[in-house]
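This report concerns only the one structure given below.
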Amino acid sequence: MLYFQTVINFIVVILTVGIAVILVATRFGNQRANQRPPTFSSGFAITQNPSSASASASSSNTAVAAVKQAFREEGKGGIIVKNKMNHTCIAVEFYGPAGFDGKSIEVEFVQSSNVNPAKVFLQGESYKVLVLDKRAFGSFRAILMQNSRPTGRIDVASGCAIYEGIVP
């Protein structure tokens, strides 16, 4: 009798764990299903010369506006936001409008200590380079991190952790 009850308990635990795994996988699978990146270039990386594409901004609002402009008006697939003091970068890949108002932009991004991993992350996308002073870069990164979460994935090519979120 004790053996029979132990087997029943074991089966119940296995079924519960299996159902939980299926529910979690289905939930995250459905969230990611609609997040395919738009194609902004025809298979070729269209990059701009960073010296001609660089823009300066002195506030986080200006930085957010420049990121939105690169997506909406210039049709870019991403943007590299650089700190001019220490060359820290955030490479942002655009996925599309987010929210009911369509004003926010759904993004994936990585942070790197120099520009090379950022360029690798955006390989195949047309992108713009935005150079910010230390204060504006910190403010922009804070806004981005408040509206994002880590995905638990690593971009194999660049070696950077991938975050997903929105640019409000």
Could you tell me which of the residues Phe28, Phe71 is of a type in the set (Phe, Trp, Tyr) and modelled with pLDDT under 85? Phe28
Region 90-130 - residue that is surrounded by fewer than 21 Cβ atoms within 10 Å (Cβ to Cβ) and of a type in the set (A, V, I, L, M, F, W, C) and, of those, nearest to Ala161 (Cα to Cα): Val120
Any hit, region 135-147, residues being farther than 19 Å from Tyr95 by Cα and in contact with a helix residue (DSSP H, G or I) (Cβ under 6 Å, 6 or more places away or on another chain): yes
So Gly102 clears everything in (1) part of a helix (DSSP H, G or I); (2) at pLDDT below 90 except one condition, right? Which one? (1)
Selection from region 139-162 of residues in contact (Cβ under 8 Å) with a residue 24 or more places away in the chain, open to solvent by less than 80 Å² (accessible area, probe 1.4 Å) and in a helix (DSSP H, G or I) yields Ser139, Phe140, Ala142, Ile143, Leu144
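The values are calculated or read from the model by the stated rules, or taken from the named source; none is laboratory data. It should be emphasised that the depicted structure is a prediction, and the values quoted were computed from it without experimental measurement. All Cβ positions, even for glycine, are placed from backbone atoms using ideal geometry, and neighbour counts span all protein chains on display. All accessible areas refer to the heavy atoms of the entire protein, side chains included, with ligands and DNA or RNA removed. Shrake-Rupley method; radii C 1.70, N 1.55, O 1.52, S 1.80 Å.
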